[in-house]
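The values are calculated or read from the model by the stated rules, or taken from the named source; none is laboratory data. Since this is a predicted model, take the numbers as computed values, not measurements. Here Cβ is always computed from backbone atoms with ideal geometry, including for glycine, and neighbour counts include all displayed protein chains. Calculation scope for accessible area: heavy atoms of the full protein, side chains included, ligands and nucleic acids excluded. Shrake-Rupley method; radii C 1.70, N 1.55, O 1.52, S 1.80 Å.
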Amino acid sequence: MGETILWLGILLPVCLLFSGLGIYAMKRKKPMWFWSGTEVNAEDITDIRAYNRANGFLWLAFSLVFWISLVLGLHSRKAAGIVLFAGSIPGVILLPLVCTKIYDRYRREPER
């Protein structure tokens with residue numbers, strides 16, 4: 001029972017953090033940023049709403065790994081650990097790559 005409480009105590013805040021970040025990105029009026037300390041200028045983005053929606057889906061998709069692992073952990077810690085490791089490690093590598101693709105898709109071409 002103690003392991004289950006510990007598992008929930010660790011993963012539930014992480015799940016809520018990434019899900020909350022996705023929802024926040026979708027509802028944000030200004031362009032969502034990815035890197036800490038950086039800002040995306042509204043003038044640089046062609047469709048801010050679509051750009052933020054894509055960023056929100058990115059974070060919600062990443063949170064799914066943690067939600068699945070959370071539920072699996074209630075039944076099998078080994079399976080949950082495998083899902084957590086197999087999903088989060090590649091996810092951390094893919095997050096900046098996908099974020100860059102989203103930025104490039106909605107970036108306004110500079111005027112000449």
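If the requirement is being in a helix (DSSP H, G or I), β-branched (Val, Ile, Thr) and more than 10 Å from the chain's Cα centre (by Cα), which of these qualifies: Val40, Val98, Val92?
Val98
May I ask you to say which residue of Val65, Val83, Val98, Val92 is out of contact with any Asp or Glu (no Cβ under 6 Å at 6 or more places or on another chain) and more than 30 Å from Ile5 (Cα to Cα)?
Val98
Condition test on Ile10, is it surrounded by 14 or more Cβ atoms within 10 Å (Cβ to Cβ), assigned to a helix (DSSP H, G or I) and within 19 Å of the chain's Cα centre (by Cα)?
no
If you take the residues of the stretch 43-78 that are outside any helix (DSSP H, G or I) and open to solvent by less than 60 Å² (accessible area, probe 1.4 Å), which of them is nearest to Leu97 (Cα to Cα)?
Only one residue tops the list, namely Ile45.
Give the number of residues within the stretch 79-112 that are touching a residue at least 24 places away in the same chain (Cβ under 8 Å), open to solvent by 60 Å² or more (accessible area, probe 1.4 Å) and not hydroxyl-bearing (Ser, Thr, Tyr).
The total comes to 3.
Tell me which residues, restricted to the stretch 20-37, are assigned to a loop (DSSP other than H, G, I, E, B), open to solvent by less than 60 Å² (accessible area, probe 1.4 Å) and either in contact (Cβ under 8 Å) with a residue 40 or more places away in the chain or on the phi > 0 side of the Ramachandran plot (or both).
Residue satisfying the conditions is Phe34 alone.
Let me confirm something: among Thr46, Thr38, which residue is out of contact with any helix residue (DSSP H, G or I) (no Cβ under 7 Å at 6 or more places or on another chain) and hydroxyl-bearing (Ser, Thr, Tyr)?
After applying the criteria, what remains is Thr38.
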